[in-house]
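Below is one structure, written out as structure tokens, with a few remarks after it.
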């Protein structure tokens, strides 16, 4: 959302570090979600298996707009949470962990797909879950970065030295989130199209 090439070298390094940190937290979340699933007892892992089964059945039997709304709504709620938390001066640490939370959910669901369907579940995940998960993760990582930056700007504006105080640009902040929301909508549309086009194959493969 920001052209890093136009920034001074120290600021550019901070932005690159923040993106790397947030992406790392997401992938740590995926690992934690997978480990969490693998360490559950049979009854609790079976609960996640049923969630995965219901998720796939709903995706394959749902219509285009139903799948779009389901795909869009989950990530949009976290996107909206990032936006509103960005206006809080003490919320930056929590904002940084939103990608971690999303990653835990993705890791647990993909592991549940394997637990319920075996190797067919891995194939279904690669087509029906992973593409949208990657794009939504990108959107949430960017949203978290913008929220952290805006929280820091609000903090400096309220409590920084007089020479450092500058009113945060709320219009620019809002515009960035509108763009991120648009990217999320396009990703959800593509996800719904892929699901609709491949529904027959996966219904027969997964016996849904």
Check your understanding: Looking only at segment 110-140, which residues are within 20 Å of residue 98 (Cα to Cα), surrounded by fewer than 21 Cβ atoms within 10 Å (Cβ to Cβ) and touching a residue at least 60 places away in the same chain (Cβ under 8 Å)?
Key -> 131
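Table: residues versus (1) on the phi > 0 side of the Ramachandran plot; (2) surrounded by 15 or more Cβ atoms within 10 Å (Cβ to Cβ); (3) touching a strand residue (DSSP E or B) at 6+ places or on another chain (Cβ under 7 Å); (4) at pLDDT 80 or above.
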{"position": "13", "(1), (2), (3), (4)": "no, no, no, no"}
{"position": "21", "(1), (2), (3), (4)": "no, yes, no, yes"}
{"position": "35", "(1), (2), (3), (4)": "no, no, no, yes"}
{"position": "71", "(1), (2), (3), (4)": "no, yes, no, yes"}
Check your understanding: What single numbered condition from (1) within 23 Å of residue 156 (Cα to Cα); (2) part of a helix (DSSP H, G or I); (3) in contact (Cβ under 8 Å) with a residue 12 or more places away in the chain fails to hold for residue 89?
Key -> (2)
Check your understanding: Just wondering, is there one or more residues in segment 158-165 that are in contact (Cβ under 8 Å) with a residue 40 or more places away in the chain and either closer than 16 Å to residue 84 by Cβ or assigned to a helix (DSSP H, G or I) (or both)?
Key -> yes
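Every residue, every condition in (1) in a loop (DSSP other than H, G, I, E, B); (2) out of contact with any strand residue (DSSP E or B) (no Cβ under 7 Å at 6 or more places or on another chain); (3) under 15 Å from residue 137 (Cβ atoms); (4) modelled with pLDDT of 85 or more, yes or no:
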{"residue": "44", "(1), (2), (3), (4)": "no, yes, no, no"}
{"residue": "56", "(1), (2), (3), (4)": "no, yes, no, no"}
{"residue": "68", "(1), (2), (3), (4)": "no, yes, no, yes"}
{"residue": "103", "(1), (2), (3), (4)": "no, yes, yes, yes"}
{"residue": "115", "(1), (2), (3), (4)": "no, yes, no, no"}
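Please go through segment 162-190 and give me each residue that is modelled with pLDDT under 90 and surrounded by 16 or more Cβ atoms within 10 Å (Cβ to Cβ), ordered by number.
Initial filter on segment 162-190 (modelled with pLDDT under 90): 162-170.
Of everything in segment 162-190, just one residue is modelled with pLDDT under 90 and surrounded by 16 or more Cβ atoms within 10 Å (Cβ to Cβ), namely 168.
Yes or no: segment 126-145 includes at least one residue that is more than 28 Å from residue 70 (Cα to Cα) and modelled with pLDDT of 85 or more. Reasoning before the result, please.
Residues of segment 126-145 more than 28 Å from residue 70 (Cα to Cα): none.
There is no residue in segment 126-145 that is more than 28 Å from residue 70 (Cα to Cα) and modelled with pLDDT of 85 or more.
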Exercise for review: Filter segment 103-116 for residues that are over 16 Å from the mean Cα position of the chain (by Cα) and within 19 Å of residue 191 (Cβ to Cβ) and give the result.
Suggested key: 112, 113
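In segment 166-208, what count of residues is obtained for those that are over 30 Å from residue 84 (Cα atoms), in a helix (DSSP H, G or I) and without any contact (Cβ under 8 Å) to a residue 24 or more places away in the chain? Write out each step before concluding.
Just the residues of segment 166-208 that are over 30 Å from residue 84 (Cα atoms), to begin with: 193-208.
Of the ones still in play, those that are also in a helix (DSSP H, G or I) are 193-206.
Those left that are additionally without any contact (Cβ under 8 Å) to a residue 24 or more places away in the chain: 197, 200-201, 204.
The total comes to 4.
The values are calculated or read from the model by the stated rules, or taken from the named source; none is laboratory data. What you see is a predicted model; the values in this text were computed from it and never measured. In this analysis, Cβ positions are derived from the backbone assuming ideal geometry, glycine residues included, and neighbour counts consider all displayed protein chains.
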